[in-house]
Amino acid sequence: MDSIDEVHVSEPGLVVLDITARDEETAAAAMSRLDELWATSGVGPVRRVAGEPGVRARLYADIRRPGSPDPA
């Protein structure tokens, strides 16, 4: 994964979450749920790393702000 830019953690409440999951659907579900809790960068791209198990994704979040309401 790319290095974390200082702007993404420049103040309290900003976090960068690296997600590893078994498959794309699980990673997307985790990102979607986090988006309901906090203001996030949304469901982003998921990628596989050769020779490593599962898939990876990165999510940027501001835990000071509420997320998107559950559409259900």
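The values are calculated or read from the model by the stated rules, or taken from the named source; none is laboratory data. Just so it is clear, the structure is predicted and the values come from calculations on it, not from any experiment. Cβ sites come from the backbone with ideal geometry, for glycine too, and all protein chains shown count toward neighbours. When the accessible area is computed, the model is the full protein with side chains, heavy atoms only, and any ligands, DNA or RNA have been set aside. Shrake-Rupley method; radii C 1.70, N 1.55, O 1.52, S 1.80 Å.
Summary of values
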read-out	value
Selection within the stretch 61-72 - open to solvent by 30 Å² or more (accessible area, probe 1.4 Å) and either part of a strand (DSSP E or B) or not acidic (D, E) (or both)	I63, R64, R65, P66, S68, P69, P71, A72
Filter result (without any contact (Cβ under 8 Å) to a residue 24 or more places away in the chain and either among the basic types (K, R) or surrounded by fewer than 12 Cβ atoms within 10 Å (Cβ to Cβ) (or both)) within the stretch 13-50	E25, R33, P45, R47, R48, V49, A50
Residue list for the stretch 29-60, filter: of a type in the set (A, V, I, L, M), part of a helix (DSSP H, G or I) and in contact with a Gly (Cβ under 9 Å, 6 or more places away or on another chain)	M31, L34, L37
